[in-house]
Structures are given as structure tokens and as C-alpha cells.
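These notes are about the structure you will find just below.
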Amino acid sequence: MLRAVADDPGRRIDAIDVLSGRERELLLVTRNDTAAETDFGRCVHELFEAEAAARPGTVAVVLGETAVTYAELNARANHIARTLLDRGLVPEEPVAVLMERSVE
């Protein structure tokens, strides 16, 4: 990028390629090959619960030295959902939740 600016100081920054052709191919094509069957008929929480049921002991989240399995994460999510319902949240009604980044 610096070489491009030095060669043409008047060139717009957004017109400068920061990736080589090989890097661009790797990031946009090779690593972005997302061709997979998806189930568009189910919501994200339903897909997660199915994964938790299929692989309960598999690690789902790692933060630092702490690892949480799908079963543990699902139990924690259900606890939060029950707490919100107990506080008056109505099912299917959007809610904003602000939490610190953590496994909790």
C-alpha cells in the first residue's frame, strides 16, 4: 500500500489494492467457500439447540482458559431466557440485552 501511495500520491486510498492477487483469491474464494446445505426453515436458536442435542459434550466456546460445552451454553441461554420471561418479556417480542463479553 505504501509503495502504491509513493508511486501515485494523488491516488485515492480506496482505489489501492491492499491484497495481492493470491491473497485475494485465498480470502475471497478459497476460505469463503460456504457451499453447504442450510436449513432455512428453522431459526438460529433452533439450529443451536439441535447442535447442542447432537453434540452436548463438544466445546462450543473458548475464552481464555475457560471452555464451555454446547450443553452448558444451552443451559445458560435457557436460564437467561427464563429470567427475561420472569421479568415480563413476551415471547416473539424483540429485546436488547447488554452484557460484558464473557462466557457467562
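The values are calculated or read from the model by the stated rules, or taken from the named source; none is laboratory data. A quick note: this is a predicted structure, and the numbers were derived from the prediction, not measured. Reconstructed Cβ throughout: ideal geometry from the backbone, glycine too, with neighbour counts over all protein chains shown. Calculation scope for accessible area: heavy atoms of the full protein, side chains included, ligands and nucleic acids excluded. Shrake-Rupley method; radii C 1.70, N 1.55, O 1.52, S 1.80 Å.
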Accessible area of the range 54-104 belonging to carbon and sulfur atoms, whole % at 1.4 Å probe:
55 percent
Given the options 10, 97, 85, identify the residue whose Cα lies farthest towards the positive end of the charge dipole of the chain (+1 on Cβ of Lys, Arg; -1 on Cβ of Asp, Glu).
10
Counting only helical runs of four or more DSSP H residues, what would the 222 nm mean residue ellipticity of the chain come to if each run contributes -39,500 (n - 2.57) and the total is spread over all its residues?
-11000 deg cm²/dmol
Of 44, 27, 54, farthest towards positive along the dipole that unit charges on Lys, Arg, Asp, Glu beta carbons give the range 16-60:
27
In the full protein assembly as shown, how much of residue 34 is accessible to a 1.4 Å probe, in Å² to the nearest 10?
110 Å²
Those trypsin sites (Lys or Arg not before Pro) in the range 59-104 that DSSP places in a loop and that have at most 11 other beta carbons within 10 Å:
87, 101
Within 10 Å of each candidate Cβ there may be at most 12 other Cβ atoms; applying that plus a DSSP loop requirement, which trypsin sites (Lys or Arg not before Pro) in the range 1-50 survive?
11, 12, 31, 42
Over the chain, with neighbouring protein chains present, the accessible area per residue in Å² at probe 1.4 Å is 88 Å²
